[in-house]
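The values are calculated or read from the model by the stated rules, or taken from the named source; none is laboratory data. Keep in mind that this is a model prediction, so the values were computed, not measured. Virtual Cβ from ideal backbone geometry, glycine too; neighbours counted across all protein chains shown.
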Amino acid sequence: MTKGHTAVMAQRRPKLKEPKPWERLEFFPTPPWATRALFRHPLRHASIGNSVWEPCAGLGHMSMPLGEFFPEVRATDVYNYPTDDGRDGELLGVERFDFLDIVEVARAPKVDWVITNPPFGAAERMLDSAFTAAHEGIAFLLRMQWLEGGGRFNGVYAFRAPTFIATFVERVPMCEGGWDPALSTATMYAWFVWQRIGGRWLFSRSDNIPVRLIPPGRADRLTRPSDAALGLRCVPGWIAPSILKKASREQTRMEFAS
């Protein structure tokens, strides 16, 4: 193959689509009921204090329900997400702040808890900041795959394994860009929780981390009519996957019928 031919082929290659900020930052809003489940089940008898910091607040899908349990909620995010209706995160009460900047985190007022659904790839570094910011506890909502990986074992489980892991028996559906209450998923999620007991962090042994089960039916029991407003908070151009799936099925049905 000639050099010139190679250059022509390179020009014909389709350019990779530039990822949107919400794609790059793994913006997967949390169903409000999944946040409430943390306090109705594994933390129902815990003394949680008065203040909480949600450092990946996005458009407020988690920080809003956190306000039902804490008088003081600090909602921040590294990016000011725009919404489909022309608002943005700041108008929805989300302050712009880089939680991975541990120097700035150390300068910030401490809170009782740090609770968030962090980007999967940045969760370990965010845990460092969370230990700097929190007085009483940390709760990260993560896929169960966060248990895997030798690097993560050495960085997390070998010396600061969670106090317990609370896994959902039913699935917690999440999708990129918005919250779709009608969505289904095969992905398993859990709350990874670290608690300070008697003035010190209570770390589990890496080979003996307690597991608690969050019972099924929480989506029905813990969803409130007011959550519908959160369902309207999405990034520009977002369409609920359940709607797309329904439209695809209907198109297929019409093609077979014609």
Quick check on Arg171: is it within 23 Å of Ile243 (Cα to Cα) and within 20 Å of the chain's Cα centre (by Cα)?
yes
Output yes when any residue across region 205-215 is of a type in the set (Val, Ile, Thr) and part of a strand (DSSP E or B), and no when none is.
yes
Hey, among the residues in region 157-188 that are within 17 Å of Glu26 (Cβ to Cβ) and among the small types (Gly, Ala, Ser), which one's surrounded by the fewest Cβ atoms within 10 Å (Cβ to Cβ)?
Gly177
Region 59-81, residues that are outside any loop (DSSP other than H, G, I, E, B) and surrounded by 16 or more Cβ atoms within 10 Å (Cβ to Cβ):
Ser63, Met64, Pro65, Leu66, Val73, Arg74, Ala75, Thr76, Asp77
If you take the residues in region 87-141 that are among the β-branched types (Val, Ile, Thr) and part of a helix (DSSP H, G or I), which one is farthest from the chain's Cα centre (by Cα)?
Val103
Residues of region 230-258 being at pLDDT below 90 and exposed (fewer than 11 other Cβ atoms within 10 Å of the Cβ), in sequence order, are Ser248, Arg249, Glu250, Gln251, Thr252, Arg253, Met254, Glu255, Phe256, Ala257, Ser258
Against the definition (surrounded by 14 or more Cβ atoms within 10 Å (Cβ to Cβ) and closer than 20 Å to Ile48 by Cα), how does Phe131 come out, yes or no?
yes
All conditions in (1) at pLDDT 85 or above; (2) more than 22 Å from Gly121 (Cβ to Cβ) are true of Arg24 except (2)
Filtered residues of region 141-154 (kept if surrounded by fewer than 23 Cβ atoms within 10 Å (Cβ to Cβ) and closer than 19 Å to Phe27 by Cβ):
Leu142, Arg143, Gln145, Trp146
